[in-house]
Amino acid sequence: MPAENITLKARWRDREKPTGEIIIGTNKWSEFLNELTSGLFFKEPQEVTINASDNSGMVFVSYLVTDKNRSEAELGSLVYRAYENPFRIEPNGEYIVYVMLVDASLNITYLRSDRITLDSIQPVISGIENGKTYCEAQTVTIAEKYIDTVTVNGTPVTLDENGSFTLAPADGGQRIVVTDKTGNTAEMTVTVND
């Protein structure tokens, strides 16, 4: 055939994986986070946005929200939801957001956020009653999974393995303030005489 009658079309196999990111608040993850930390703490519901792109122009985005720590190898057998719009995660619980990005050539990318904790529950102080006067040292117990600080009249207190401490006699009222990692607080003021 004469050269002017030949048409050549080049075809390349797409081996490039899609890219993307998970956005929660001001935090972004653009890869599969290998090491989970103790996480991020929020009091309010959080909006989750997922962005994706690929050289083919088409990416199917799906996600899974769970409290389970999964390896990248486990993710292929899980059930995901199709992502269409940003969604919210609500208090109270621990969450990890997994994302699967698939392009037209079936190249797959997995993303994973850090552990997100949403907690809107106030800590509970027990063993004493607010405003009461006691005539001997009292054992005070704090019920809170995510304790940040416990103070008595502004001085930090260390809890034992049962989440308790001894409130010793002192002059005047003693103000106990408990704050968790999301900023929820509880407080009581009591008087403990000797």
What ³J(HN,Hα) values, in whole Hz, does the Karplus curve 6.51 cos²θ - 1.76 cosθ + 1.60 give for the range 139-149 when θ = phi - 60°, with x put for Gly and Pro? 8, 10, 10, 10, 9, 6, 6, 10, 5, 9, 9
Can you work out the Karplus-derived ³J(HN,Hα) for every residue in the range 90-98? Use 6.51 cos²θ - 1.76 cosθ + 1.60 with θ = phi - 60°, whole Hz, and x for glycine or proline. 9, x, 10, x, 10, 9, 10, 9, 10
Counting pairs of Cα atoms in the range 1-159, how many percent are more than 25 Å apart? 51 percent
Distant-in-sequence amide H partners of L78 (H built 1.01 Å from N, under 5 Å): none
Placing +1 on the Cβ of each Lys and Arg and -1 on the Cβ of each Asp and Glu in the range 40-174, which of S53, A73, T149 has its Cα farthest towards the positive end of the resulting dipole? S53
Checked against the positive end of the charge dipole of the chain (+1 on Cβ of Lys and Arg, -1 on Cβ of Asp and Glu, about the Cα centre), the farthest of A104, I24, N162 is A104
Return the long-range amide H neighbours of L33 (sequence gap of 5 or more, or a different chain), with a cut-off of under 5 Å between placed amide H atoms. R112
Between the range 47-110 and the range 157-194, what's the alpha-carbon centroid distance in Å? 43 Å
Pick out which of D180, D14, D103 has the largest mean-square fluctuation in a Gaussian network model of the chain, springs linking Cα atoms closer than 10 Å. D14
Return the long-range amide H neighbours of T139 (sequence gap of 5 or more, or a different chain), with a cut-off of under 5 Å between placed amide H atoms. L167
Where the convex hull is taken over the Cα atoms of the range 78-194, what is its projected area averaged over directions, in nm²? 10.2 nm²
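Rounding to the nearest 20 debye, state how big the charge dipole of the chain is about its Cα centre with +1 on each Lys and Arg Cβ and -1 on each Asp and Glu Cβ.
The calculation lands at about 780 debye.
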In debye to the nearest 20, the charge dipole size for the range 60-136, taken about the Cα centre with +1 at each Lys and Arg Cβ and -1 at each Asp and Glu Cβ, equals 140 debye
Could you go through the range 43-58 in sequence order and give the Karplus-derived ³J(HN,Hα) for each residue, using 6.51 cos²θ - 1.76 cosθ + 1.60 with θ = phi - 60°, rounded to whole Hz, and x for Gly and Pro? 8, 9, x, 10, 8, 10, 10, 10, 10, 8, 8, 7, 5, 7, x, 10
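Read-outs throughout are calculated quantities, based only on the coordinates presented, and are distinct from any laboratory measurement. Treat the numbers as computed from the prediction; the structure is a model and nothing was measured. Positions of Cβ are generated from backbone atoms using ideal geometry, with glycine treated the same way; all protein chains shown enter the neighbour counts.
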